Ligand SMILES: [Zn+2]
């Protein structure tokens, strides 16, 4: 009787009743998953990304309905999620499942190119694929046991049918522009479809991006949040890894200063040398781990919950770059160095792709004391020893000029010193200050090599004052000065451009030939300045003030703040002239290409018969 019954069953139905192997997700992956793309192709190996084991096996906890993975790119998180999805198809068959993959070009193609090959390479899933090609398409994959997978993507909430789903898997939710800021996005809809089931499983995974990062929000909302702690292979100390224990060599010893643990060096050098190390936090250890030691420490480590929660419904994991075997310590160090220069894009990259954090623009006003800590012991007007050159920066007002004479060093770290600053009323006075002889403590003479003057008119669409004609004529007659015009652009846009002044502003009256106007990207240079102000005065590339620098100067340096889009704003009624002047200073350094200068080579060239002239004077 029972035999004849068995004959009536379709293979798909039998499949449902077949005893499944008793495996957790990580064991299932080790046995059945083949990785077809990326750095670790072949059989899935739990020892490569050991931190994924617990994340995947969290799927097996019956009370967990939501798993959130906020992790950096290259952490293997997407593959971990795919393992959970494959497991769901095999072990939780018979219902609708939604899969949202990152939108690379066309989502339909993603299903075809990525998802279906993964199914075919996973034997227990492949066995369930239908023999009918109509069942395995880019928009709907129907398995023999009644499981149906719908691939979806953010831009098309309509693609999400009204079927309730027991499994929802969304990859790279923050990379999907279509999800950002929309209340009725595909992710929300997918989650709604899952609520009708008693025990749905939702998996969200992404590297954080954007001010309204969905993955950060989802992580913050989790009942249980876990961080990874590693174990030193030398002393056994369990520890969270932190950036202040990351170290790399520099040239500080040569300068006779106390070597810094994190000197300002060229990020490319750190990356090439693979010279970054991690100092173990163990009390009597202090061993400096290389990348292989770090990998061992990760393998010995484990996840630690921030607070113990009994049977949490939602669990969140943070995977930062420290624990990823595919990200070297030196790559992390290089990202820190790049972010230090103040470029917003680099700061966002450090937060999103290394710290696994969303980037929050520093909107809190800097305190004046923070600026005044940059004072050294020179009196106003004294040039520091052994500088590369002096330049003058001028901010044009309706009835006056703010100016600063600034000393620069050449090279990548770009150290600067305030020498003399103030407010004067006429162009003649500017020339006097420009032409003054400046001295260092040994009596060496220095002269300004270039003056940069704001062309007047402000950066806004309607000029609040316009002295542009006067500035152009002044620069034409005094070619040691060049006019600058600030433009509010995205930090990633071109840093500056030069264009000839052909006409008197706003007219078709020709301007005498030969004057160049420099239009500078103030967002970029203000970001750079902001980074410089954070550099400690004894570190290379510092921003120095003389000892008599006034509180008002510091106040002006604190006037502006960054809006959520990264643009700098000056609150109404706050003076920001010296902030502008220092913005011009870093634009000037770029225009003069100080980064690429090398006085040793230039001095040698000057001695050579061709007589190439040095930029600097006084040495
Ligand atoms: Zn140790």
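Observations, loosely collected:
- Residues of the range 292-320 that are away from the ligand (no atom under 16 Å from the Cβ) and either surrounded by fewer than 16 Cβ atoms within 10 Å (Cβ to Cβ) or within 13 Å of residue 246 (Cβ to Cβ) (or both): 302, 304, 305, 306, 307, 308, 309, 310, 311, 313, 320.
- Qualifying residue in the range 456-466 (condition: at pLDDT 85 or above and at negative phi): no
- Boolean, residue 163 is touching a helix residue (DSSP H, G or I) at 6+ places or on another chain (Cβ under 8 Å), surrounded by fewer than 16 Cβ atoms within 10 Å (Cβ to Cβ) and either in the same structural domain as residue 43 (by TED's automatic domain parsing) or modelled with pLDDT under 80 (or both): yes
- Selection within the range 244-259 - crowded, with 16+ Cβ neighbours inside 10 Å and either modelled with pLDDT of 80 or more or within 14 Å of the ligand (Cβ to nearest atom) (or both): 245, 246, 247, 248, 249
- Qualifying residue in the range 520-542 (condition: farther than 28 Å from residue 348 by Cα, in a loop (DSSP other than H, G, I, E, B) and out of contact with any helix residue (DSSP H, G or I) (no Cβ under 9 Å at 6 or more places or on another chain)): no
- Scanning the range 198-223 for residues that are over 21 Å from residue 75 (Cα atoms) and in contact with a strand residue (DSSP E or B) (Cβ under 6 Å, 6 or more places away or on another chain) yields a total of 3.
- Some residue of the range 528-541 being farther than 20 Å from residue 406 by Cα and crowded, with 20+ Cβ neighbours inside 10 Å: no
- Some residue of the range 360-374 being in a strand (DSSP E or B) and either modelled with pLDDT under 95 or under 30 Å from residue 64 (Cα atoms) (or both): no
- All helices (runs of 4 or more DSSP H) inside the range 543-619 with 3 or more residues being modelled with pLDDT of 80 or more and touching a strand residue (DSSP E or B) at 6+ places or on another chain (Cβ under 7 Å): 577-591
- Extreme residue, surrounded by the fewest Cβ atoms within 10 Å (Cβ to Cβ), among residues of the range 219-239 that are in a loop (DSSP other than H, G, I, E, B) and more than 9 Å from the ligand (Cβ to nearest atom): 221
- Among the residues making up the range 299-309, those that are at pLDDT 95 or above and within 21 Å of residue 224 (Cα to Cα) are 301, 302, 303, 304, 305.
The values are calculated or read from the model by the stated rules, or taken from the named source; none is laboratory data. Bear in mind that the values here come from a model prediction, so they are computed numbers and not experimental data. Note: ideal-geometry Cβ built from the backbone for every residue, glycine included; neighbour counts use all protein chains shown.
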